[in-house]
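One structure is given here, and the rest of the page talks about it.
Please treat every number below as a calculation from the coordinates, not as lab data. Since the model is a prediction, treat every value here as computed from it, not as a measurement.
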Amino acid sequence: MVATRQSMSIGFVHTRGTLDHYVAVLRQKPEMANTIDILDISLLDLTKPLPILKVKSLLAFAANITTLSIDITGISSRQARLLIKDIKLDSLIAFSTSTLPHDAAALFFVNHPRIVSLSIGICTEHSGSCDLLHVPRLQLLEEIRGPAACSVNIVSSQTRTIAVSHGTANECIALFAGLRDTNAVVFTLDIPFVHKDVYILIQGLQALPTVSALRLREAETMNSTSYKWLHNQLWNTAFRRMHNLKQFELRTSTALIANPGAMEEERWLIGSWKTQLQANGRKVEDQYGNGILFELKPPVPVKNRGEKSCYFS
Ligand SMILES: [Zn+2]
């Protein structure tokens, strides 16, 4: 029932049958729950009715877990609130869910202020007033993955790593401002972008001068090939101002240059960015000590574009 790795025990509950088995065994031998450190509940595409109360009793048994991942497809806000009501996991430091509505997550966080690592799913609150905007900050939170707009009031002065799953440029910039207000020293940032807003985002990043690793991730595929990354001083200005930037990753399906496939042109462009990073005094060598500062995948033909990445590291 429980997979054990050295001193770490992981409980996997991925089917209704496994859930039934867990609860039945723990009712017989509740002390077995103390051996579980990590609980991974992933009940996807179950037929209705959902076994909410059974999951709740499992959580009540597993009161000593440090890590909880919970995903139940189709769970409603009412069911989610019922599920987490009165659940208090005193040792919990890592929590992940992609299906729990944010109003229920907000209630859960009130009882779990010691969460260090957090991942939340998309927001289903469309009135512009997500409940996560009204919970006390998670004061120990070091890393978060979630929508920018819903994360603003959760991040803390301890937050070092942020992966924005969804968010407009303005929502990201509001999040950056929130981080600045908490005096968070953010090192790693992973944010989505749409092309029309990318420079707004880059300028907004100046609010976070401590970032040393930045990933910009294209949030939507461009239908046009007209966008080019070439000849843009804003990149160079941004790199100059991001004094601690050591790693930069750009993930885009758009051609970097006007003539996709012109390797030299592409190398020149990336070389100019590299120069800016070097100008900041950063000298980072590759594992062979050759000082190679970027890797570039072969250019993808326009007619069959895929995702392209380039790295400074
Ligand atoms: Zn939300």
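Key figures for this structure:
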read-out: Cα-based convex hull volume of the range 1-118 per residue, rounded to whole Å³; value: 95 Å³
read-out: Extension gain (nm, one decimal) between Gln28 and Tyr199, 0.36 nm per residue minus Cα-Cα; value: 55.6 nm
read-out: Square roots of five times the Cα gyration tensor eigenvalues for the range 112-166, Å; value: 18, 12, 8
